Amino acid sequence: MTRVNWSWYLKKGVLILVEKIVTPGRVIMGRLKKGDDLLSALTEICVKNSITAGEVRAIGAVTKARVGYYKQQKREYTYISFAEPLEIISLVGNISLKDKEPFVHAHITLMDEEGHSYGGHLAPGTEVFACEYIIQEYHTGDQGLNRVYNEKTGLALWEDGK
């Protein structure tokens with residue numbers, strides 16, 4: 001059994017959550033349909049299977065893609081769209097709850113036919129040509145793994161247990 005330990009430490013008087021104890025649950029493996037929106041399809045699988053914490057990996061190809069980059073100073077995402085077939089070199093992400101719903105946060109690396117690589121946050125609008133995925137569920141022993149707005153970053157990050 002794999003166990004990851006939630007650790008706490010004090011930094012300038014603030015209690016900060018570092019890790020959480022989890023135990024592995026189900027492993028769901030499958031293939032997405034051609035034409036699926038990649039992010040929506042992965043999210044739908046998590047909703048259908050009531051996955052509240054986990055990780056996701058995938059390989060395959062897309063007919064078009066949309067990836068995001070977070071501009072830290074402006075606290076906003078910018079997006080790049082690709083209207084060409086690309087290989088999925090790697091897709092890795094995590095699953096948690098955002099507003100009490102399963103939320104897939106994934107990064108993707110893509111390659112064009114000339115070997116150029118592109119990457120970023122997987123965004124809606126990435127269309128599947130062929131895709132095989134593995135989802136590893138984790139049991140957190142409580143209410144799941146929740147995302148909440150973090151004022152310091154402007155992002156919805158894992159809850160720090162405060």
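Each value in this text was obtained by applying a stated rule to the coordinates, not by laboratory testing. This one's a predicted model, so the numbers in the text were calculated from it and none came from an experiment. Virtual Cβ from ideal backbone geometry, glycine too; neighbours counted across all protein chains shown.
A few notes on this one:
- Spacing of the modelled spin labels on E44 and D142, each 7 Å from Cα toward Cβ, amounts to 3.3 nm.
- Loop sites in segment 93-162: GluC sites (Glu not before Pro), DSSP, at most 15 other Cβ within 10 Å: E113, E114, E151
- The chain: calculated mean residue ellipticity at 222 nm from DSSP helix runs of at least 4, using -39500 (n - 2.57): -2000 deg cm²/dmol
- Cross-linked pairs K74/K98; K34/K100; K20/K152; K100/K152; K71/K98; K20/K64: Cα-Cα separations exceed 27 Å for K34/K100; K20/K64.
- Label corresponding to Kirkwood radius over Cα pairs in Å when calculated from the structure given, among (i) 20.2; (ii) 16.9; (iii) 15.9: (ii)
- Using 0.36 nm per residue and subtracting the Cα-Cα separation, the extra length available between Y79 and E113 on full extension is 10.1 nm.
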